[in-house]
Every structure is written in C-alpha cells, then in structure tokens.
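Colleague: Input: one structure, supplied below.
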Amino acid sequence: ARLGILIVRHLKRLERVILGYLEVSDGPGEEARLGILQTLQCTIEHAWPRMPCRLPVLLKALLRLLWDVHTEQGPTPE
C-alpha cells in the first residue's frame, strides 16, 4: 500500500517521464522503452484507482509507440 501512495504522490511527474521515454526510439535493442513499459505496468498495478483520468494520454502514447515500432526501418526486437 505504501508504494501505491508514493506513486500517486508523484504520478503527474512520472507520467511525463513515461511519455517522454515512449516517444523516443533508443536503438535496435529498445532497452529504455522496454524498461519504461515495465514501469508503466507497475504504476498501473499500484495506482489503478487514479489511472482512468490518465488513460486518453497514455493510450495515445502507446498507440504511437506501436505505430513507430511497426513502421521503423531496421531491426527491432519482438
């Protein structure tokens, strides 16, 4: 419960960081993007009551990520 409270306290700032990492490709390995997706999953798990109001922005960023990965030229991990 404590982790959830700490995440909620910093949710707005964390959202900006997550969105920033999702927007920028970090090379063929995409380690940063994969890591930020894990961070997003953990954030949703712990702060789910506060997430519905953030869904439009997060879903748009995730759809853009899917499109970028789909249309990128070069090796991208599955």
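FYI, it's all coordinate maths here, none of it is from the lab. From a predicted model like this one, the values you see are computed outputs, not experimental measurements.
Colleague: Could you grab the relative contact order for the chain? Cα pairs under 8 Å, six or more apart, rounded to a whole percent.
Modeller: 42 percent
Colleague: Here is a further query. Output the 0 to 90 degree angle, nearest 10, between the alpha-carbon long axis of helix 31-47 and the longest principal axis computed from the alpha carbons of the chain.
Modeller: So the inclination is approximately 20 degrees.
Colleague: Report ³J(HN,Hα) in whole Hz for each residue of segment 17-27, in order, from the Karplus equation J = 6.51 cos²θ - 1.76 cosθ + 1.60 where θ = phi - 60°; Gly and Pro get x.
Modeller: Whole-Hz 3J(HN,Hα) from phi for segment 17-27: 5, 4, 4, x, 5, 5, 6, 10, 6, 10, x.
Colleague: Quick one: divide the alpha-carbon radius of gyration of the chain by 2.2 N^0.38 Å and tell me what you get.
Modeller: 1.16
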